[in-house]
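FYI, it's all coordinate maths here, none of it is from the lab. Because the structure is a prediction, the values reported are computed rather than measured. Here Cβ is always computed from backbone atoms with ideal geometry, including for glycine, and neighbour counts include all displayed protein chains.
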Amino acid sequence: MNESLPIRRLVVRLSLVVVGMFAFGFALVPIYDVMCQAFGINGKTAGAYRAGAGPVDEARQVRVQFLATNAAGMAWEFGPQGDEVTVHPGATTQMLFIAHNPTERPMTAQAVPSVAPSKAAAFFHKTECFCFTQQVLQPGERIEMPVRFIVDRDLPRDVHHLTLAYTLFDITARKPPVAQATPAP
């Protein structure tokens, strides 16, 4: 009986560690969101824009910079057509991003956006974006992908510069295989 007591304690402790690790896994997402907001990283763009909510603020200019990076293992050539634009809050603006698949195989990609500074992300509204859907390119294929956006007129007055950054991920392996029709007998 003396030997079973230490084993039982060990099992209880290990079970508590497993439960704690499981709970920590669920807590990571809210912790990550709080950390991003606190340190101004990985700003998520705002939702739908209230079209016609007011006139374009012609008296104010905001510089929007564009960055594009590939995640590890992504072979595509990917980048914006221009490095930056100057916009008037409330005006619709478009930038084209170019993607090219230089490989010998079809690939599927997903772009994940980020806006900095994070306090400005809530005032950046994408009305059309290639990041809303997965992009499939055949070997050697090159495409232009537009992003249309509006910088909200309510953007804090101390923000004069925004950065819209995209990271492109290869998700080819995650894409479910296309079902092939079986010939009739």
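Quick notes on this structure:
- One chain, two ends: GLU104 and ILE171. Fully extended at 0.36 nm per residue, the span grows by 22.5 nm beyond their Cα-Cα distance.
- With a cut-off of 20 Å on the backbone N, the residues of the range 151-171 near the modelled label site 7 Å out from THR92 along Cα-Cβ are 151-155.
- Close amide H pairs (under 5 Å, H built 1.01 Å from N) link CYS129 with ARG148, residues at least 5 positions away or on another chain.
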